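One structure below.
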Amino acid sequence: MCEVIVIASGKGGTGKTTVCTGLAVALAKAKNKVLIIDCDSGMRGVDLMLGISDRLVYDISDVISGACEYADALYRVEGDFELYSIAAPLYADDEVSPSLIRRFVDQVREEYDYILIDSPAGTGSGFYAAANAADRALVVINAEPISIRGCKNISYRLRELKMTDCRLIINRFDKKRFFDMGLYRDLDEVIDEAGMRLIGLIPEDVRVIALSQRGALAHNWSQTAVIFDTIVKRLEGVDVPIVVK
């Protein structure tokens, strides 16, 4: 049975798309058939991180409008796994409505084990289009007040959509910097402020940034790849401790 997960954030710059892409790769390497839908119209980045941008001809708006067949806009990522992607429109004016995204997801979901939807940052119409089609949500933040404020806003909007299965991912965490800044006593205070259960703590890792910018995130060999693997296990119900390093 397919699970549809929206990856959201209340503000830009949290590393949401990197997290979404990294999780999609980890799920695919765990022998799942995975589709990642980029809903960030005008700011798409999944194709660049997965190294498929040079092959792109069609995007999700072309499928919805009937300009191409669904299979024409489906791009398989190279590797010994089943990971597919559909790009967002290059221009924000071509954003697809929430009802049409939901209809599309409902039509294709039985073909996959997981569908991950990369939502635009914030709570605009693109967020509603992404979240309205999902079964559960992962909200990506950084351990800082502005990011947590955005998380609260996202949480409120998700409740409006009657979505109750929401989990928190703290990304780009640097333990020394966190305590040097002195904004919070500890991570528990961050989690309490955000108001969501934590499912993943991803450290700051320049190698992940380099891999994503080179279009090589599907071949992530960094230590962070292990973190994505543990988040996948938690998504599947396995009790794996979260370690703060």
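The values are calculated or read from the model by the stated rules, or taken from the named source; none is laboratory data. Worth saying up front: this structure is predicted, and the values here are computed from it rather than measured. Neighbour counts run over all protein chains shown; Cβ positions are idealised from the backbone, glycine included. Just the protein is used for accessible areas: all its heavy atoms, side chains included, with ligands, DNA and RNA removed. Shrake-Rupley method; radii C 1.70, N 1.55, O 1.52, S 1.80 Å.
Filter region 66-81 down to the residues that are in a helix (DSSP H, G or I) and either among the polar types (S, T, N, Q) or surrounded by 15 or more Cβ atoms within 10 Å (Cβ to Cβ) (or both) and list them by number.
Tyr70, Ala73
Per-residue answers, yes or no, for (1) of a type outside the set (Asp, Glu); (2) under 24 Å from Ile227 (Cβ atoms); (3) surrounded by 20 or more Cβ atoms within 10 Å (Cβ to Cβ):
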site	(1), (2), (3)
Leu83	yes, yes, yes
Arg159	yes, no, no
Ile170	yes, yes, yes
Asp186	no, yes, no
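Just one of the numbered conditions (1) open to solvent by 50 Å² or more (accessible area, probe 1.4 Å); (2) in a loop (DSSP other than H, G, I, E, B); (3) not aliphatic (A, V, I, L, M) is not true of Pro120; which one?
(1)
Could we say that Thr21 is polar (S, T, N, Q), open to solvent by 10 Å² or more (accessible area, probe 1.4 Å) and modelled with pLDDT of 95 or more here?
Criteria not met by Thr21.
Take the residues in region 202-215 that are surrounded by 13 or more Cβ atoms within 10 Å (Cβ to Cβ) and of a type in the set (Gly, Ala, Ser), then tell me which one is nearest to Lys16 (Cα to Cα).
Here the answer is Ser212.
Residue check: is Val57 over 17 Å from Gly122 (Cβ atoms), touching an Asp or Glu at 6+ places or on another chain (Cβ under 6 Å) and among the hydrophobic types (A, V, I, L, M, F, W, C)?
No, not satisfied.
Consider only pairs whose beta carbons are under 7 Å apart and that are at least six residues apart or on different chains; among these, list those whose first residue lies in region 40-69 and is more than 25 Å from Ser99 (Cβ to Cβ) and whose second residue is basic (Lys, Arg) and modelled with pLDDT of 95 or more.
Cβ pairs passing all conditions: none.
Restricting the search to region 24-50, which residues are in contact with a Phe, Trp or Tyr (Cβ under 6 Å, 6 or more places away or on another chain) and crowded, with 23+ Cβ neighbours inside 10 Å?
Ala26, Leu27, Ala28, Val34, Leu35
Sort through Asp188, Asp180 and tell me the only one that's out of contact with any strand residue (DSSP E or B) (no Cβ under 8 Å at 6 or more places or on another chain), part of a helix (DSSP H, G or I) and closer than 21 Å to Asp239 by Cα.
Every option except Asp188 fails the conditions.
For Ser41, state whether it is of a type outside the set (D, E, K, R) and in a loop (DSSP other than H, G, I, E, B). Give the derivation first.
Working: of a type outside the set (D, E, K, R): yes; in a loop (DSSP other than H, G, I, E, B): yes.
Against the criterion (of a type outside the set (D, E, K, R) and in a loop (DSSP other than H, G, I, E, B)), Ser41 qualifies.
Hey, among the residues in region 216-245 that are open to solvent by less than 10 Å² (accessible area, probe 1.4 Å) and hydroxyl-bearing (Ser, Thr, Tyr), which one's farthest from Glu78 (Cα to Cα)? Break it down into steps so the answer makes sense when it comes.
We begin by selecting, within region 216-245, every residue open to solvent by less than 10 Å² (accessible area, probe 1.4 Å); these are 217-218, 222, 224, 228, 231-232.
The next check asks that each one be hydroxyl-bearing (Ser, Thr, Tyr); those that pass are 222, 224.
Numbers: Ser222: 18, Thr224: 20 Å.
Among them, the one singled out is Thr224.
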